[in-house]
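> Okay, here's the structure, questions in a sec.
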């Protein structure tokens, strides 16, 4: 059994979103991404399907150039290979659910390049 919290020990970076791995299991990975208002993740793709939950805040989630405004409590799922980007309209906490075959390093590289 593993236990994690989306609310505890949140850290924000000044210039880029902050990534923290909350759980890693045989079936997947749960990652918290903490955004300050105005921070972005540039357009990128994932090789596997993902689910993104806006735990707190307000995110513009771009998919193939179309913007979806997502607020606290909303979720979006994407198949692998779909271009997407994120922009925080307010301080936000995002939960990213990854396939077990996906790499946390890939997510970190997206943030570094944003």
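None of the figures in this text is laboratory data; all of them are computed from the coordinates on show. Keep in mind it's a predicted model, so treat the numbers as computed, not measured. Positions of Cβ are backbone-derived with ideal geometry, glycine not excepted, and every protein chain shown enters the neighbour counts.
> As a check on your grasp of the helix formula, calculate [θ] at 222 nm for the chain: sum -39500 (n - 2.57) over DSSP H runs of n ≥ 4, divide by the residue count, round to the nearest 500.
Only helices count here, giving -2000 deg cm²/dmol.
> May I ask you to derive the relative contact order of the chain, considering only C-alpha pairs under 8 Å and at least 6 residues apart, and to give it as an integer percent?
Relative contact order, the chain: 33 percent.
> I've got another one for you. Report which label in (i) 15.0, 57; (ii) 17.5, 62; (iii) 12.9, 40 holds the value of Rg and Dmax of the Cα atoms in Å derived from the coordinates of this structure.
(iii)
> Work out how much length residue 60 to residue 106 would gain on full extension: take 0.36 nm times their residue separation and subtract the Cα-Cα distance, in nm to one decimal.
That pair, residue 60 and residue 106, stretches by 14.4 nm at full extension.
> As a footprinting exposure proxy, order 35, 61 by other Cβ within 10 Å, with the fewest listed first.
Least crowded to most crowded, the residues run 61, 35.
> Hey, can you rank 4-11, 93-100 by average C-beta count inside 10 Å, highest first?
93-100, 4-11
> I've got another one for you. Once the piece of chain linking residue 23 and residue 89 is laid out straight, how much longer is it, given 0.36 nm per residue of separation minus the C-alpha distance between them?
21.1 nm
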